[in-house]
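**Q** Sharing a structure with you now.
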Amino acid sequence: MGAGNQVNDQPVVLFDGVCNLCNSSVNFVIDRDRGFFQFASLQSEAAKALLEPTSINPERLDSIVLVEDGKVYHKSTAALKIASKLSGLWPLLSVFRILPVGFRDFFYDLIARNRYRWFGKQDACRIPTPELKDRFLDS
């Protein structure tokens, strides 16, 4: 699917497709989001197309990104907005939005800078299973 195939203007989660932590996070979201989100790797043409109207360069991102209702969120704000749509108690994490963004992003950036060292890196982007293929814009 290309970026033009975004279904029903669903929110799209953009993630580092070669990062083990990021791929695990996407699997976590898929298991809990009840089909709410679509996904694309930051390395994909879909991500470039979604971010083209903004000043954000997907090749320079080290963050999860949420594109929703024409707005782009990244780092801790994206993570908390994504958590707010998950099943279970995960929406309760939204309480952390009361903290200043700079404070939240300090910890987010610490993990992002070390994600390959701590969690590893893959040689290629994630390939979705046939059951999940329609949820990925770059598959």
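**Q** Could you check how many residues of segment 8-37 are under 9 Å from the mean Cα position of the chain (by Cα) and outside any helix (DSSP H, G or I)?
**A** Final tally of qualifying residues: 5.
**Q** So, in segment 38-51, how many residues would count as being assigned to a loop (DSSP other than H, G, I, E, B) and under 14 Å from Leu66 (Cα atoms)?
**A** Of the residues in that region, 1 qualify.
**Q** For the list (1) within 16 Å of Arg135 (Cβ to Cβ); (2) buried (at least 21 other Cβ atoms within 10 Å of the Cβ), I need the number of the one condition that Asp31 fails.
**A** Result: Asp31 passes all but (2).
**Q** Sticking with this one: Here is a list of conditions, (1) in contact (Cβ under 8 Å) with a residue 60 or more places away in the chain; (2) closer than 20 Å to Phe107 by Cβ; (3) small (Gly, Ala, Ser); (4) crowded, with 18+ Cβ neighbours inside 10 Å, and Ala46 meets all of them except one; can you say which number that is?
**A** If we test Ala46 against (1) in contact (Cβ under 8 Å) with a residue 60 or more places away in the chain; (2) closer than 20 Å to Phe107 by Cβ; (3) small (Gly, Ala, Ser); (4) crowded, with 18+ Cβ neighbours inside 10 Å, just (2) comes out false.
**Q** For segment 123-139, name all the residues that are surrounded by fewer than 14 Cβ atoms within 10 Å (Cβ to Cβ) and either under 23 Å from Ser76 (Cβ atoms) or at pLDDT 70 or above (or both).
**A** Thr129, Pro130, Glu131, Lys133
For every residue, the table says whether it meets (1) touching a His at 6+ places or on another chain (Cβ under 9 Å); (2) at pLDDT below 75; (3) of a type in the set (Lys, Arg).
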| site | (1), (2), (3) |
| --- | --- |
| Ile56 | yes, no, no |
| Tyr73 | no, no, no |
| Ile98 | no, no, no |
| Ile111 | no, no, no |
| Lys121 | no, yes, yes |
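**Q** To continue, here is another question. Residue by residue through segment 82-103, note down the ones that are surrounded by 18 or more Cβ atoms within 10 Å (Cβ to Cβ) and either part of a helix (DSSP H, G or I) or of a type in the set (S, T, N, Q) (or both).
**A** Across segment 82-103, the qualifying residues are Ile82, Ala83.
**Q** Looking at segment 58-75, is at least one residue touching a residue at least 60 places away in the same chain (Cβ under 8 Å), closer than 14 Å to Phe37 by Cα and in a helix (DSSP H, G or I)?
**A** The answer is no; no qualifying residue exists.
**Q** Do the conditions hold for Gln10, that is, is it farther than 28 Å from Trp118 by Cβ, in contact with a strand residue (DSSP E or B) (Cβ under 6 Å, 6 or more places away or on another chain), modelled with pLDDT of 85 or more and surrounded by 14 or more Cβ atoms within 10 Å (Cβ to Cβ)?
**A** Considered against the rule, which asks whether it is farther than 28 Å from Trp118 by Cβ, in contact with a strand residue (DSSP E or B) (Cβ under 6 Å, 6 or more places away or on another chain), modelled with pLDDT of 85 or more and surrounded by 14 or more Cβ atoms within 10 Å (Cβ to Cβ), Gln10 comes out as yes.
The values are calculated or read from the model by the stated rules, or taken from the named source; none is laboratory data. Please read all numbers here as calculations on a predicted model, not as lab measurements. Don't worry about glycine lacking a Cβ; one is built from the backbone with ideal geometry, like all the others, and counts go over all protein chains shown.
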